[in-house]
Amino acid sequence: DTAVSQTPKYLVTQMGNDKSIKCEQNLGHDTMYWYKQDSKKFLKIMFSYNNKELIINETVPNRFSPKSPDKAHLNLHINSLELGDSAVYFCASSLPRTGKETQYFGPGTRLLVL
Amino acid sequence: GENVEQHPSTLSVQEGDSAVIKCTYSDSASNYFPWYKQELGKGPQLIIDIRSNVGEKKDQRIAVTLNKTAKHFSLHITETQPEDSAVYFCAASGGSYIPTFGRGTSLIVHP
């Protein structure tokens, strides 16, 4: 009964490869997010989707492409992986327009690009 | 846009002492201020939050204070325990609902 789940938990891959990370939430939230956390623990928002529509896209290389097949899922596809993409990626969800701005985070996906 | 500054970046205390983490924000339209705790290997989790119509909120050993005029808010942890050791993030959000996070404080509680 995990609220926000991500797969895989660990991802080790070579430079130049393409990989995907999946996220699912069972909280009934309508807004989902992807964050990147670097080695200094800084949480940087990458994307936000509301009801399957992109509402925020921070300065992120276009090698990163989010896809939301429905309100409960937000996947992240990364093309041509680079060394600098190594980080922990967190998915989160919330229901902001009902006064519930609290973000619920997944356990994270630890990506290591070699 | 919103800018959130968080201090200190690292805080080391003895078990039983109090710990205080401070944040400032820039956007006067921000009205929701959550605090998240991130334990090693896990995602951040909300521990307490405060809205702009309240000056202080307490939940057992943790409390948050908000000074809207000065645009700063603080997390207070009393009687710290080793299990309080974690990274703590403050955040601020307003009309856009997208939170801006501080850079985090690594709290270490020595037994």
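The values are calculated or read from the model by the stated rules, or taken from the named source; none is laboratory data. Just so it is clear, the structure is predicted and the values come from calculations on it, not from any experiment. Positions of Cβ are generated from backbone atoms using ideal geometry, with glycine treated the same way; all protein chains shown enter the neighbour counts. Side chains included, ligands, DNA and RNA excluded: accessible areas come from the protein's heavy atoms. Shrake-Rupley method; radii C 1.70, N 1.55, O 1.52, S 1.80 Å.
Worth a mention:
- 5 angstrom amide H check on B:ILE50, placed H, neighbours 5+ away: B:PHE33
- Residue mean of other protein chain beta carbons inside 10 Å, B:98-105: 5
- Entry for segment B:1-49 at q = 0.14, 0.25, 0.31 Å⁻¹: log10 I(q)/I(0) = -0.49, -1.19, -1.23, Debye formula applied to identical alpha-carbon scatterers, no solvent contribution.
- Percent carbon-and-sulfur accessible area, segment B:1-109, ignoring ligands, DNA and RNA, probe 1.4 Å: 46 percent
- Protection proxy ranking, highest mean first, for peptides A:104-112, B:87-95, B:26-34, A:50-58: B:87-95, A:104-112, B:26-34, A:50-58, where packing is the per-residue count of other beta-carbon atoms within 10 Å, averaged.
- Shielded residues, segment B:8-51 - accessible-area loss of 20 Å² or more between chain alone and all protein chains, probe 1.4 Å: B:TYR32, B:TYR36, B:GLN38, B:GLY41, B:GLY43, B:PRO44, B:LEU46, B:ARG51
- Normalising by residue count, chain B has a Cα convex hull of 91 Å³ per residue.
- Only aspartates and glutamates eight or more places from A:LYS40 in sequence, or on another chain, were considered; those with a Cα closer than 16 Å are A:ASP85, B:GLU5, B:GLU39.
- Stokes-Einstein D in µm²/s, Kirkwood radius over Cα pairs - the protein assembly as shown at 20 °C with 1.002 mPa s viscosity: 118 µm²/s
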